[in-house]
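These notes concern the structure reproduced below.
The values are calculated or read from the model by the stated rules, or taken from the named source; none is laboratory data. The shown structure was predicted, so the numbers you read here are calculated from the model rather than taken from an experiment. FYI the Cβ positions are ideal-geometry reconstructions off the backbone, even for glycines, and counts take in every protein chain you see. Please note that ligands, DNA and RNA were not included when accessible areas were found on the heavy atoms of the full protein model with its side chains. Shrake-Rupley method; radii C 1.70, N 1.55, O 1.52, S 1.80 Å.
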Amino acid sequence: MKVIHLDMDCFYAAVEMRERPDLANLPLAVGGGSRRGVVTTCNYEARKYGVRSAMPGFLARERCPQLVFLPVRFDLYRAESTKIRNILHRYTPLVEPLSLDEAYLDVSASDRYAWDIAKEIRKSICDETGLTASAGIAPNKMLAKIASDWRKPNGQFAITPDQVEGFMKDLPLRKIWGIGPKSAERFAGKGIQTCGDLQKLSLPELVRQMGKWGEELYHLCRGRDDRAVEPNRIRKSLSTEQTYLENLTSAAQCERAMEDLVSDLLADIQMSAADRRIHKAFVKIKFADFSRTTREGIHPSPDFETFRTLLLEAWKRKAHPIRLLGAGVRFAEEAREFEDAQQWLDF
Amino acid sequence: MKIAVTKEALLEGLQRIQNVVSNRATLPVLTNALLETTDTGLQLTTTDLEVGIRCTIPAKVQKPGSTTLPARRLAAIVRELPSSEITIEVDGENIATIRCGASFFKIYGLPKTEFPEFPIAGEQTAITLKQSELKDGLRKTSYAISSDETRYVLNGILFSLADNKMTLVATDGRRLALFDTDVEFPKSHERDFILPTKAVTELQRLLGEEGEVTISTSENFAFFELSGTFLSSKLVEGNYPNYRQVVPGEAKERIALERDAFLNCVRRVSLLSSDKTSSVRLNFTRDNLDITANTPEVGEAKESLTIKYRGKDLSIAFNPEFLMDPFRNLANEEVYLELIDEMSPGVLKINTPFLYVIMPMRVSV
């Protein structure tokens with residue numbers, strides 16, 4: 001398989017910089033206009049000051065007082081995204097968009113070098129939209145995604161099949177999809193820092209420690225990933241979660257944490273699924289003793305209050321310290337006629 | 001290791017365990033069966049890391065030992081062997097020589113050390129019931145299991161052990177099947193757990209009409225012991241939804257339906273239910289039930305059944321598959337349908353502890 005992962009460079013900020021050349025050289029962030037606005041994207045100038053995406057607005061301003069904070073203009077980004085997608089489709093029908101600014105392309109069927117295709121795509125995007133993109137070229141999706149980050153911004157990087165083994169050996173574990181800071185920390189505690197370190201654990205051992213996820217990790221840390229590029233993949237749900245360094249112990253703490261999660265989630269929905277119909281909202285809790293619970297309800301347009309209620313209902317079941325909170329929505333099925341007609345049990 | 005075994009015993013043992021082996025060889029040893037000699041015979045084990053099965057068959061042990069051999073290939077060979085007397089000899093390199101009459105096979109195995117450990121049962125929480133009873137309960141509920149992986153807690157059957165009762169529940173969010181049976185056990189054994197679909201399927205295959213089954217659990221596993229066979233399964237993590245809250249209260253109408261007649265009518269009518277909405281409509285009038293379906297630009301179907309019905313006229317639509325599922329899996333001649341109105345869930349009952357809640361469809365035709 002030859003996969004290209006194409007990732008626009010600080011997409012929203014880049015679009016704004018193109019629209020407002022007068023601001024192009026200033027530190028600039030695009031973010032939610034709400035009371036607790038977070039930075040959705042920022043340009044490289046802002047990153048020099050330590051501003052990062054998903055950072056609360058007040059903190060970003062603290063780090064960079066002269067930061068220009070612009071409201072998000074999704075319609076504009078969506079229009080650019082459509083243009084970019086059309087460019088991608090000139091090369092292969094197998095384009096799987098991940099969000100407005102990211103996509104996988106399967107170019108296995110082309111007899112050209114994937115490297116040249118990626119280069120040409122990036123040039124076309126730049127010529128036609130004035131925006132820069134980075135690309136990763138690899139034998140599978142996971143590696144392509146890691147590679148696109150390697151020469152960012154405005155660069156590309158390839159991992160050929162014979163380089164995979166050497167590349168994975170020294171790759172920090174954190175680069176693997178699904179390994180968050182908490183898991184990375186846990187592994188580091190056992191002296192496991194890189195994928196190479198993890199490769200020393202046998203499959204049965206990993207499975208004993210992590211269950212099914214262990215089986216996946218076993219392959220991922222060897223650079224193996226057999227997921228296909230799926231052009232028509234329909235997202236069934238969208239969620240966000242956070243593991244806390246210190247357990248949440250009071251309802252008030254949980255509510256505050258939930259507020260952050262919900263604003264992230266609603267921003268995500270705006271970004272990558274604004275056109276989808278929402279069917280349900282759900283809240284997920286992992287308690288300090290690792291037991292889990294979820295609570296969901298039918299809410300076509302969930303807001304913070306919806307999630308707060310679900311959270312309290314779920315928390316009441318155990319009222320135990322919490323180590324992880326998650327919030328998400330399930331989208332209505334595309335086969336609307338049937339789904340609308342069939343009634344659901346009211347759990 | 002060297003053993004002599006009959007074809008019949010070995011084949012039966014392999015058939016009990018071989019379904020579990022994974023076809024996709026993520027870990028090559030998982031396509032193998034673990035063979036270990038015991039004092040009285042040969043112990044066979046397979047696992048896919050979620051579900052494991054172990055059984056022992058009678059064999060003459062000439063030299064104790066162990067190895068792992070490709071399970072399906074071994075079963076295929078044994079099935080074709082010409083006579084009953086089989087000897088299997090394994091050398092230090094895990095190469096097995098199988099001899100039977102004039103037949104000779106050499107197959108390559110993998111060492112036992114690569115095979116995952118079989119989880120250990122938690123003895124103290126064991127409950128015992130008749131195999132036939134558990135088999136009956138699984139049959140009456142398992143068709144309602146959800147296959148939607150985004151709702152993973154529904155990808156299995158809830159076993160709820162409380163108040164000297166074992167309750168089994170399965171649901172996919174649109175219908176729910178519930179079975180319960182009396183089992184005696186101390187308060188300390190009370191617990192809820194969710195057995196994943198694959199284990200349910202295997203268990204249904206292993207359960208017979210005779211004998212007993214012992215169920216025990218540890219924190220993350222359930223264990224079933226039946227007629228010398230052990231099945232272990234990881235449990236589905238998470239909380240099962242509160243199924244009691246979706247069982248409707250008192251019904252307005254209780255209609256007795258003759259199982260075969262009703263099932264046949266729905267099956268025929270459903271041939272003309274549309275692919276998009278897939279519904280059949282039940283129209284109840286005095287002592288009569290009309291079952292209808294139609295698809296625009298294709299056609300329509302209607303069946304009439306004579307029933308006892310004295311309530312007010314009522315019309316309600318269901319997905320025909322959801323309606324037929326319990327009828328296909330119940331042995332009773334008479335099934336009772338309880339209804340409130342056309343928007344409320346319907347309930348199917350029989351004269352033993354079983355319940356099936358089915359949500360209607362909101363369709364105009």
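If I histogram all Cα-Cα distances within the range B:135-202 using bins 10 Å wide from 0, what percent of pairs lands in each bin?
Going out from 0 Å in 10 Å bins, the range B:135-202 shows 23, 51, 23, 3 percent.
How much of the accessible area of the protein assembly as shown, probe 1.4 Å, is carbon plus sulfur, in whole percent?
Ligands and nucleic acids excluded, carbon and sulfur reach 49 percent.
Using alpha-carbon positions, what is the distance between the centroids of the range A:243-313 and the range A:129-183, in Å?
Between the Cα centres of the range A:243-313 and the range A:129-183 lies a distance of 30 Å.
Could you sort the residues of the range B:343-365 by number and keep only those whose accessible area is reduced by 50 Å² or more in the all-protein-chain setting relative to the chain alone, 1.4 Å probe?
Listed in order, they are B:Met359, B:Arg362.
Using only the Cα atoms of the range A:12-70, what are the Rg and Dmax in Å?
Over the range A:12-70's Cα set, Rg and Dmax evaluate to 10.1, 28 Å.
Using modelled backbone amide H atoms (1.01 Å from N, in-plane), which distant-in-sequence or interchain residues come within less than 5 Å of B:Gly65's amide H?
B:Thr37
Which three extents, in whole angstrom, do the alpha-carbon atoms of the range B:48-90 cover along their principal axes, largest first?
35, 25, 18
With the Cα gyration tensor of the range B:2-114 in hand, give its eigenvalues times 5 under a square root as the equivalent ellipsoid semi-axes, listed largest first in whole angstrom.
Three semi-axes, in Å: 20, 14, 14.
Under the Cβ-under-4.7 Å rule, which cysteines of chain A stay unpaired?
A:Cys10, A:Cys42, A:Cys64, A:Cys126, A:Cys254 - these cysteines have no disulfide-compatible partner (Cβ-Cβ under 4.7 Å) in chain A.
Could you tell me the total accessible area buried at the B-A interface, probe 1.4 Å, in square angstrom to the nearest hundred?
Chain pair B/A: roughly 2900 Å² of buried accessible area.
For B:Lys308, list the aspartates and glutamates whose Cα falls under 14 Å from its own Cα; do not include residues on the same chain fewer than 8 positions away.
Within reach: B:Glu253, B:Glu258, B:Asp287, B:Asp290, B:Glu334, B:Glu338.
In the range B:123-242, what is the volume of the convex hull around the alpha carbon atoms, normalised per residue and reported in Å³?
Looking at the range B:123-242, the number lands at 95 Å³ per residue.
Could you give the distance between the Cα centres of the range B:83-99 and the range B:345-365, to the whole Å?
Rounded to whole Å, the Cα centres lie 56 Å apart.
State the extension gain, in nm to one decimal, for the chain segment bounded by B:Gln62 and B:Lys130, taking 0.36 nm per residue of separation less the distance between their alpha-carbons.
20.8 nm
Could you pull out which residues in the range A:200-239 have an amide N less than 13 Å from a spot 7 Å beyond the Cα of A:Met1, following the Cα-Cβ vector?
Only A:220, A:223-231 pass the distance filter.
For chain B, what does the equivalent ellipsoid look like in terms of its semi-axes, each the square root of 5 times an eigenvalue of the Cα gyration tensor, given largest first in whole Å?
So the three semi-axes of chain B are 48, 23, 18 Å.
Which residues of the range B:219-242 end up with at least 20 Å² less accessible area in the presence of all protein chains than when their chain stands alone, using a 1.4 Å probe?
Residues passing the criterion (a loss of at least 20 Å², heavy atoms only) are B:Lys234, B:Glu237, B:Asn239, B:Pro241.
For Cα pairs less than 8 Å apart in space and 6+ apart in sequence, what is the mean separation divided by the residue count of the range A:237-339, i.e. the relative contact order in percent?
43
In straight Cα distance, which aspartates and glutamates are under 15 Å from B:Lys135, not counting same-chain residues fewer than 8 positions off?
Answer for B:Lys135, where 15 Å is the Cα cut-off: B:Asp180, B:Asp182, B:Glu202, B:Glu209, B:Glu210, B:Glu212, B:Glu225, listed by chain and number.
Say R0 is 22 Å: what FRET efficiency, to the nearest 0.05, do B:Thr201 and B:Lys165 get from their beta-carbon distance?
That pair, B:Thr201 with B:Lys165, gives E of 0.35.
If you project the alpha carbons of the range B:244-365 onto the principal axes, what extent comes out on each, in Å, largest first?
Sorted from largest, the Cα extents of the range B:244-365 read 43, 28, 27 Å.
Could you tell me what fraction of 2.2 N^0.38 Å the Cα radius of gyration of the range B:232-292 comes to, as a two-decimal ratio?
1.70
Mean separation of Cα pairs under 8 Å and 6+ residues apart, divided by the residue count of the range B:236-321: what relative contact order is that in percent?
Computed over the range B:236-321, the figure is 28 percent.
Dipole of the protein assembly as shown, Cα-centred, from +1 at each Lys and Arg C-beta and -1 at each Asp and Glu C-beta, to the nearest 20 debye?
Rounded to the nearest 20 debye, it is 1220 debye.
Report the equivalent ellipsoid semi-axes for the range B:168-300 in whole Å, largest first, defined as the square roots of five times the eigenvalues of the gyration tensor built from alpha carbon atoms.
39, 19, 17
Above 14 angstrom, tally the Cα pairs of the range B:285-343 and express them as a % of all pairs, no decimals.
Beyond 14 Å sits 68 percent of the P(r) for the range B:285-343.
Measuring with a 1.4 Å probe in the full set of protein chains, what accessible area per residue, in whole Å², belongs to chain B?
46
If all Cα-Cα distances of chain A are sorted into 20 Å bins from 0 onward, what percent lands in each bin, rounded to whole numbers?
Per 20 Å bin, starting at 0, the Cα pair percentages come out as 25, 59, 15.
Report the calculated FRET efficiency for B:Ala4 and A:Tyr113 (r = Cβ-Cβ distance, R0 = 60 Å), to the nearest 0.05.
Between B:Ala4 and A:Tyr113 the formula returns 0.45.
Could you derive backbone 3J(HN,Hα) for the range A:65-74 from the dihedral phi with the Karplus parameters 6.51, -1.76 and 1.60 (θ = phi - 60°), listing whole Hz in sequence and x where the residue is Gly or Pro?
x, 8, 4, 8, 9, 9, x, 6, 10, 4
Set Lys and Arg Cβ to +1 and Asp and Glu Cβ to -1, take the dipole of the range B:88-182 about its Cα centre, and tell me which of B:Ala121, B:Val153, B:Ala96 lies farthest positive.
B:Val153
Can you work out D for the protein assembly as shown in µm² s⁻¹ from Stokes-Einstein, where Rh is the Kirkwood radius over C-alpha pairs, the temperature is 20 °C and the viscosity is 1.002 mPa s?
For the chosen part, D equals 72 µm²/s.
Name the residues of the range A:282-311, by number, that are at least 50 Å² less accessible with every protein chain in place than in the isolated chain; the surface is that of heavy atoms, probe 1.4 Å, without ligands or nucleic acids.
A:Arg292
Taking 30 Å as the cut-off for C-alpha to C-alpha distance, list the pairs among B:Lys2/B:Lys130; A:Lys141/A:Lys236; A:Lys2/A:Lys182; A:Lys2/A:Lys175; A:Lys284/B:Lys349; A:Lys83/A:Lys145 that go past it.
Too far apart for the 30 Å limit: B:Lys2/B:Lys130; A:Lys2/A:Lys182; A:Lys284/B:Lys349.
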